[in-house]
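These notes are about the structure you will find just below.
The values are calculated or read from the model by the stated rules, or taken from the named source; none is laboratory data. The shown structure was predicted, so the numbers you read here are calculated from the model rather than taken from an experiment. Reconstructed Cβ throughout: ideal geometry from the backbone, glycine too, with neighbour counts over all protein chains shown.
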Amino acid sequence: AATRHAVASRVTARASAKASSGATSSSVAALMAGAAASGAFALSGNRRGKVSRTFRSSRVKLQAGNLEISEENPLHVIIAGGGVGGLMLAKALSKEPTMKCTIFEQTNQFARFGGPIQIASNALSVIRDIDETLFNNLMDKFTFTGCRQNGLVDPLRNEWYCPFDAMKTSADHFELPYTGVVDRPDLQEILLNAIPEGMLQNSQKVSGYEVLPDYAGVKVQTKGGEDAVCDVLIGNDGIWSAIRAQMWDEDQKGPGSGCTYSGYIVFAGETIYKPDDYFDVGYKVYMGPKRYFVTSDVGRGRIQWYAFVAVGEGEQVPRSPREKKDYVKAAFQGWSQQVQDLLEATPSDTVE
Ligand SMILES: Cc1cc2nc3c(=O)[nH]c(=O)nc-3n(C[C@H](O)[C@H](O)[C@H](O)COP(=O)(O)OP(=O)(O)OC[C@H]3O[C@@H](n4cnc5c(N)ncnc54)[C@H](O)[C@@H]3O)c2cc1C
């Protein structure tokens, strides 16, 4: 999200100047829309209003600004956080010759971790629009599920409650790629290879920012490193965002952070397992009271499962993988035989 006042003003001033000089300002407008949208994504309704109002009033105030964005004088964007969101955004911005983009990532190097990530048709088509080569590299590692049967299942009768037929029909109608999954480490590697060299700076933990007077930009403070000045700072530093905490004067973590407990905990596992309907089904969501169980084909013969259980905040939950598996088995006892078989086939030490 853009910083509260001056960042928006400076972007608007430069965008207005560019628009009035006859050049296109679509990239800046897109960035502003993106910044407003991401602010709205993490924040509540009245805050969404706050962000848009800031943009609007800034535009009126600075319409006559004489700053101009050009290839020689690009808009400098710093993205705090090189997760999948930050890397994808950096790739999109790197296509704009009038923008200079830098990612500050706190970790000193990227590790391969995490399970499969589902990417839906609409997101895939956006990725294809951003960069065809990136999209093709993603497709090389992709497993399609959206062309098969997906939906909600009655866990006792083992019947479809509600198949998600629109996933395939709407993708066919709008000529979108089918929904599917990719392993998170593969996605990360594809994105890291896709961004221009030198754009990513590791070991740069953003600790805060300062909005400079007279629309001079934003000073980005890093822990143990040097400060940097840019036109736009985008806080893409994850769910416990330091930038969001400063921007909205909230705690970074905990009840005062704006990110509250959903009421559910989730366990996850993955195993080689071939149910009878292996070739017909993409993913199933077995729905029950205060719990649900998701299974998905994640490619190369693997099925991944997620078990969601309603648990009061702070309640004791099992710690070791073996205890977790026993807990999940007990919680879903009597559910579809497929759920039982899948849990049985999952190595205990892999349950997270
Ligand atoms: C179990 C599980 C399953 C999921 N499955 C799916 C799925 O199937 N499909 C899907 O679309 N999504 C899924 N998600 C959600 C998805 O993982 C997140 O939405 C996504 O990772 C968010 O990306 P991000 O880049 O915004 O944040 P993150 O991936 O959290 O990245 C944040 C980055 O910022 C860095 N950082 C943090 N603080 C700082 C700082 N102060 N300075 C600099 N860098 C910093 C971190 O090191 C990290 O690299 C799942 C999540 C979980 C937990």
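Some points to look at:
- Enumeration of residues in segment 183-220 that are assigned to a strand (DSSP E or B), near the ligand (Cβ under 10 Å from one of its atoms) and surrounded by fewer than 21 Cβ atoms within 10 Å (Cβ to Cβ): GLN201, SER207, GLY208
- Test: ILE239 is of a type outside the set (Lys, Arg), surrounded by fewer than 17 Cβ atoms within 10 Å (Cβ to Cβ) and either under 20 Å from THR107 (Cβ atoms) or within 11 Å of the ligand (Cβ to nearest atom) (or both): yes
- Candidates VAL281, VAL309: the one that is among the β-branched types (Val, Ile, Thr), touching a residue at least 40 places away in the same chain (Cβ under 8 Å) and in contact with a Pro (Cβ under 8 Å, 6 or more places away or on another chain) is VAL281.
- Test for GLY301: is it of a type in the set (Gly, Ala, Ser), surrounded by fewer than 21 Cβ atoms within 10 Å (Cβ to Cβ), more than 16 Å from the ligand (Cβ to nearest atom) and closer than 23 Å to GLY114 by Cα: yes
- The listed residue being more than 20 Å from the chain's Cα centre (by Cα) and either charged (D, E, K, R) or not assigned by TED's automatic domain parsing to the domain that holds ARG291 (or both), out of VAL232, VAL220, VAL206: VAL220
- For segment 72-97, residues that are within 6 Å of the ligand (Cβ to nearest atom) and more than 16 Å from GLN188 (Cβ to Cβ) total 1.
- Only residues that are part of a loop (DSSP other than H, G, I, E, B) and under 25 Å from VAL181 (Cβ atoms) were counted in segment 304-334, giving 1.
- Residue in segment 238-273 that is farthest from PRO116 (Cα to Cα), counting only those that are of a type in the set (S, T, N, Q) and in a loop (DSSP other than H, G, I, E, B): GLN252
- Per-region count, segment 205-219, residues of a type in the set (Gly, Ala, Ser) and touching a Phe, Trp or Tyr at 6+ places or on another chain (Cβ under 7 Å): 0
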